[in-house]
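K.L.:
What follows is a structure written as C-alpha cells; I'll ask about it next.
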Amino acid sequence: MTEKKSKKIVIIGPAYPYRGGNPTFITYVYFILSKRFDVKIYNYKLLYPSFLFPGTTQFDKSEVVFKKAPSERVVNSINPFNWIKVASKLRKENADLVVFNWWHPFFSFCHFTISFLIKRKYKGKILFITENFISHEGHFIDRMLTYFGLSNANIFLALSSEVENDLTRIAKGRKIYRSELPVFEYKKDETVNAESLKQNLGFEADSMILLFFGYVRKYKGLDILLESMPDIVKYNPKLKLLVLGEFYDSPEGYFNIVKKHNLESSIKIVNRFIPNEEIEQYHKISELVILPYRSATQSAILNVAYGFGKPVVATKVGGLLEFVDDGKTGILVEPESPAAIVDGIKKYFSLKDKVDFEKNIFEKVSSNTFNNLPELFEQMISEIKE
C-alpha cells in the first residue's frame, strides 16, 4: 500500500543563525508543523542591512542552541533581483501552502514582490502570519507599507486579538485565523546557586529580584519602571531590579534616572544580548518578570517567563490583556504609570501566599492554542478555494 504523501508547506521567515523572537517563533512553527507536514524554511541570507540594525549583531552567538530548524538561506531583503529568483524557486516547490512571516514594514517590498510573482501559481495558497500589524513605533509610512506588503495575502493568521481586529480593516473578505505565540523554553534544568548569582550581580544574597528582560526600546517602558523604583524600594528594600538586554535606544537617559534617584545599589543594568545558556539562571532567581510596555501586540518575553513558571506584572496594552489572567498568572496594571507598577507589585506580594501562580501558569500554558497549529493548518489547506 502506497503511503499517503504529506502536504508541503514552505515558510519565508528568519531562522537560525539569526537571533531574537522572530527566528525563535519560526523555529517552533517548523517543529510543530513537521509532525504532520513536509515543511521547508526559506531563510534570509540578508535580513537587515547592518547600518539599519540598532544592535551589535543580528546573529545568535549563544553557545547553546535549544532548537535549530533546518533552512535554506536564500532571501535577500533588499535585492529585487533576488526576489525574482526566490519567486522562481518557490514556483517549483509545488507547495500546498506558502507562508510569509510578517512582523515589520521594512519587508514590505520584498514580501509584496515575491508574493505577487507567485500568486498565479499559488492561487488561494498564500498565508501571511502576522505577529504585528503596524510596528510598535510606527507612523503613516509604516501603515502604508504594511497595507502594501500584505496585499497579496489570500489568508491571514493573527497571533493576538488586537492584530486580528487590525487585519479586519484590510481583509476585504479574506479569512483571518487565530493562534498564539508558543511558550518559549530555555531549560537546561541546572541547579542555580541563587545567593551566589545575586551577589555576583552586586545584590545581597537575600535580595528579591524583579526582572526586566529583552532588548530596550521606548515602547517597552523601562523608563516608567525605573521611575517606580524609589517607591518599590521604600515598600520593601529587599526588592531589586535586574535589567537584562541590549539597548536599541540610547542608554544614557535610563542611567540618568537611576542616578537621579540614587538607586545604583537597587538596580543592575546589563546592556547586552543575553545568550540562551544564561536565560534560565536569571529567571530562576527572579520573583517576578515586569512588562511595563506602552504598547504591545503580544510579547515573546511573557512567553519565556511562562516557560519558567514565572508570574508577571504587565500593563493593560494590546495582547498582554488576553495572555495574562489578572490575579492568577500575573497582575495587570494601567500603562504609563509608575504608581500603577508599584501597586501591581504590592498586589502580587499580597496574593503570593494565597494564589498558586505557578500552577495557574502551567495550566494556561497547557491550553495554548499554538499546540493546535497542525490541525489549524490542515483546516486552512482544506478550505483553500483555487
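The values are calculated or read from the model by the stated rules, or taken from the named source; none is laboratory data. Just so you know, these numbers come straight off a predicted model, no measurement behind them. All Cβ positions, even for glycine, are placed from backbone atoms using ideal geometry, and neighbour counts span all protein chains on display. Side chains included, ligands, DNA and RNA excluded: accessible areas come from the protein's heavy atoms. Shrake-Rupley method; radii C 1.70, N 1.55, O 1.52, S 1.80 Å.
K.L.:
What's the number of the condition Ile134 fails, among (1) out of contact with any Asp or Glu (no Cβ under 7 Å at 6 or more places or on another chain); (2) surrounded by fewer than 20 Cβ atoms within 10 Å (Cβ to Cβ); (3) closer than 24 Å to Tyr48 by Cα?
P.N.:
Single failed check for Ile134: (1).
K.L.:
If you take the residues in segment 255-264 that are outside any helix (DSSP H, G or I) and out of contact with any Asp or Glu (no Cβ under 9 Å at 6 or more places or on another chain), which one is surrounded by the fewest Cβ atoms within 10 Å (Cβ to Cβ)?
P.N.:
The residue in question is Asn262.
K.L.:
In segment 138-146, is there at least one residue being at pLDDT 95 or above and acidic (Asp, Glu)?
P.N.:
Within segment 138-146 (the criterion being at pLDDT 95 or above and acidic (Asp, Glu)), the answer is no, since none of the residues qualifies.
K.L.:
Given the conditions (1) within 24 Å of the chain's Cα centre (by Cα); (2) surrounded by 22 or more Cβ atoms within 10 Å (Cβ to Cβ); (3) under 30 Å from Leu46 (Cβ atoms); (4) at pLDDT 95 or above, which single one is not true for Gly221?
P.N.:
For Gly221, the failing item is (3).
Here's the yes/no breakdown for (1) within 28 Å of Ile279 (Cα to Cα); (2) in contact with a His (Cβ under 7 Å, 6 or more places away or on another chain); (3) in contact (Cβ under 8 Å) with a residue 40 or more places away in the chain:
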| site | (1), (2), (3) |
| --- | --- |
| Lys7 | no, no, yes |
| Arg19 | yes, no, yes |
| Thr24 | yes, no, yes |
| Phe31 | yes, no, no |
| Lys40 | no, no, yes |
| Tyr44 | yes, no, no |
| Ser50 | yes, no, no |
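K.L.:
From Val304, Val312, grab the single residue that is within 24 Å of Thr369 (Cα to Cα) and either open to solvent by 40 Å² or more (accessible area, probe 1.4 Å) or over 15 Å from the mean Cα position of the chain (by Cα) (or both).
P.N.:
When all the criteria are applied, what remains is Val312.
K.L.:
Applying the selection to segment 143-158, what residues are of a type outside the set (Phe, Trp, Tyr) and crowded, with 19+ Cβ neighbours inside 10 Å?
P.N.:
Result: Leu145, Thr146, Gly149, Leu150, Asn152, Ala153, Asn154, Ile155, Leu157, Ala158.
K.L.:
Of everything in segment 360-375, what is in contact (Cβ under 8 Å) with a residue 40 or more places away in the chain and within 30 Å of Gly327 (Cβ to Cβ)? Give them in sequence order.
P.N.:
Here is the first cut: in segment 360-375, the residues in contact (Cβ under 8 Å) with a residue 40 or more places away in the chain are 361-362, 364-365, 368-374.
Ile361, Phe362, Lys364, Val365, Asn368, Thr369, Phe370, Asn371, Asn372, Leu373, listed by residue number.
K.L.:
Separate question: Looking at Ser250, is it at pLDDT below 95 and over 30 Å from Val65 (Cβ atoms)?
P.N.:
When the stated conditions are applied, Ser250 passes them.
K.L.:
Across segment 361-382, what is the total count of residues that are open to solvent by 40 Å² or more (accessible area, probe 1.4 Å) and part of a helix (DSSP H, G or I)?
P.N.:
Of all residues in segment 361-382, those open to solvent by 40 Å² or more (accessible area, probe 1.4 Å) come to 362-364, 366-367, 369, 371-372, 375, 378-379, 382.
This time we only want the ones that are part of a helix (DSSP H, G or I), so: 362-364, 366, 369, 371-372, 375, 378-379, 382.
Looking only at that region, the number is 11.
K.L.:
Which members of segment 131-188 meet the condition of being part of a loop (DSSP other than H, G, I, E, B), touching a Pro at 6+ places or on another chain (Cβ under 9 Å) and among the small types (Gly, Ala, Ser)?
P.N.:
The answer is Ser135, Gly138.
K.L.:
Restrict the check to segment 322-336 and report whether at least one residue is open to solvent by 40 Å² or more (accessible area, probe 1.4 Å), under 24 Å from Phe25 (Cβ atoms) and of a type outside the set (Ser, Thr, Tyr).
P.N.:
Among the residues of segment 322-336, at least one is open to solvent by 40 Å² or more (accessible area, probe 1.4 Å), under 24 Å from Phe25 (Cβ atoms) and of a type outside the set (Ser, Thr, Tyr), which makes the answer yes.
K.L.:
Please find, among Ser250, Ser207, the residue that is more than 20 Å from Ala314 (Cα to Cα) and buried (at least 18 other Cβ atoms within 10 Å of the Cβ).
P.N.:
Being more than 20 Å from Ala314 (Cα to Cα) and buried (at least 18 other Cβ atoms within 10 Å of the Cβ) holds for just one of Ser250, Ser207, which is Ser207.
K.L.:
A further question on this structure: Identify, from the list Phe107, Phe100, the residue that is among the hydrophobic types (A, V, I, L, M, F, W, C), open to solvent by less than 10 Å² (accessible area, probe 1.4 Å) and touching a strand residue (DSSP E or B) at 6+ places or on another chain (Cβ under 7 Å).
P.N.:
The conditions single out Phe100.
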